[in-house]
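These notes are about the structure you will find just below.
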Ligand code: NAP
């Protein structure tokens, strides 16, 4: 099978105009996964042109028909779940059960958004004047630019592509440079499902120049971006200057709060799963545990013990608990934070080093790391590390714990373990994150509810599911239909009676 892949523009598979390519590798083994186009501004312009030409016809295609294509795509993804999941493990590294979950999320989102084809609810409200209708409908925006990260290479694109399509937009997608082959396989499925040429276009390449060119193109009406805060802020500034709509889903510094009355075994399970699942490379990963004094020592011991016994390796092997990090830079960054933590006076309980024994030397592995006695102002407790690194902080009470939780510049996900219903409700009232779990870890959202965060995690939009995703990909048009046959003036002719 050829490892050479192409861009998808105007319904054709084409190389970069420059002829340049780059390679994608398995982060566990170094195996070559594919050779893909290294697109530049010209390729992006071609893709945007195709999307702009396809828009008129696509927006006039009835939404239920658009939705049928989504439905078919979801069915195809489900049928190829195992194959896609294995490719996902090979290109991105997460263990196979999680990779299959990543793929399943695209099935869920496809089905959910296919249902929207027969809803896409507008508003119909009474008019203040007789013989007049007042209503509002959702219009698509036009060409939307989608820029995605590598950590959920199928799920996150599906959160954006399916709603954008069902709403009647056309798309240019720039996936992450670390997972381009998965993006190509995803687009192939939409092509097979019957998407007309130009409606979805794919350009693989680097953030600069490909992503930047997409942001800058005046024909692109919206940038839907998921990724780091650093790049997200940069894009927000550019979009503001261009008067362009932008939806940002950025990083997290998520905490699990464990109160004295919690079920310690349950909390430990949730912490290990949320901190070390996907090797800590989830935006919702737990990187802080905030614990009250009565349970601190027991919990810290259990977490350290479990973390020390996690088995690192190739995610395709059933014996592997934790896969590799995405690339060399990621491992270097996690290790830098281990050094920072030690320098700040945190107590290293376990890990804190590269994992290079035997086969692991071929990939980008880092030992699951746990620090205790971390204080809220330490960089370990404030900054997104995006790897298998967990900090344990102590709080005096539930109020103190909530205050510590809310004190970081991210507000994505949080969790509270308690057996006291009053404390659970207090947390539900006061925790300032976009997602909150009670007696479950910080990961595992479902597509029928909004996904996104407060403070630095985004700019107030919600993607990933739930009705609010439609707000990102449509704009409102209010329509008044006056069938009175005479001039009627709103706010002025207030005494008019039905004739
Ligand atoms: P990233 O470095 O910000 O990259 C995200 C995307 O932006 C990639 O496709 C990247 O291309 C592109 N890009 C880079 N520079 C650009 C520029 N100047 N203009 C336009 N596009 C540009 O993030 P990442 O490392 O892929 O992903 C990890 C981050 O995503 C973490 O912070 C994580 O928390 C966050 N995340 C958030 C959510 C959420 O829903 N809140 C979900 C998943 C992940 P290259 O790949 O070529 O650099």
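The values are calculated or read from the model by the stated rules, or taken from the named source; none is laboratory data. Bear in mind that the values here come from a model prediction, so they are computed numbers and not experimental data. No Cβ is skipped: glycine too gets one built from the backbone with ideal geometry, and neighbour counts run over all protein chains shown.
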Check: Would you say residue 416 is crowded, with 19+ Cβ neighbours inside 10 Å and in the same structural domain as residue 284 (by TED's automatic domain parsing)?
Finding: yes
Check: Cβ-Cβ below 6 Å, separation at least six or inter-chain, first residue in region 371-400 and on the phi > 0 side of the Ramachandran plot, second modelled with pLDDT under 95 and not in a loop (DSSP other than H, G, I, E, B): which pairs?
Finding: none
Notebook entry, point to check: Under the condition of being part of a helix (DSSP H, G or I) and in contact with a strand residue (DSSP E or B) (Cβ under 6 Å, 6 or more places away or on another chain), which residue from region 361-394 is nearest to residue 443 (Cα to Cα)?
Noted result: 381
Checklist line | Single unsatisfied condition, residue 157 versus (1) outside any strand (DSSP E or B); (2) more than 12 Å from the ligand (Cβ to nearest atom); (3) surrounded by 24 or more Cβ atoms within 10 Å (Cβ to Cβ) | finding: (2)
Check: Just a yes or no: is a residue in region 489-496 within 21 Å of the chain's Cα centre (by Cα) and at negative phi?
Finding: no
Notebook entry, point to check: Listed residues 434, 456; which is crowded, with 23+ Cβ neighbours inside 10 Å and either under 26 Å from residue 223 (Cα atoms) or without any contact (Cβ under 8 Å) to a residue 12 or more places away in the chain (or both)?
Noted result: 434
Notebook entry, point to check: Can you tell me which residue in region 318-339 is surrounded by the most Cβ atoms within 10 Å (Cβ to Cβ), limited to those that are assigned to a helix (DSSP H, G or I) and touching a residue at least 12 places away in the same chain (Cβ under 8 Å)?
Noted result: 334
Notebook entry, point to check: Taking the condition under 27 Å from residue 97 (Cβ atoms) and surrounded by 14 or more Cβ atoms within 10 Å (Cβ to Cβ), does residue 342 pass?
Noted result: no
Next item on the list: Determine whether residue 182 is over 18 Å from residue 467 (Cβ atoms), within 10 Å of the ligand (Cβ to nearest atom), touching a helix residue (DSSP H, G or I) at 6+ places or on another chain (Cβ under 6 Å) and part of a helix (DSSP H, G or I).
Entry: no
Check: Considering 247, 224, 274, which residue is under 16 Å from the mean Cα position of the chain (by Cα) and more than 13 Å from the ligand (Cβ to nearest atom)?
Finding: 274
Check: Out of (1) within 16 Å of the ligand (Cβ to nearest atom); (2) within 17 Å of the chain's Cα centre (by Cα); (3) under 29 Å from residue 320 (Cβ atoms), the odd one out for residue 147 is which?
Finding: (3)
Check: Is there any pair with a first residue in region 148-162 that is under 17 Å from residue 474 (Cα atoms) and in the same structural domain as residue 111 (by TED's automatic domain parsing) and a second that is within 8 Å of the ligand (Cβ to nearest atom) and in a loop (DSSP other than H, G, I, E, B) whose Cβ atoms are under 6 Å apart and which are 6 or more apart or on different chains, and what are they?
Finding: 159/464
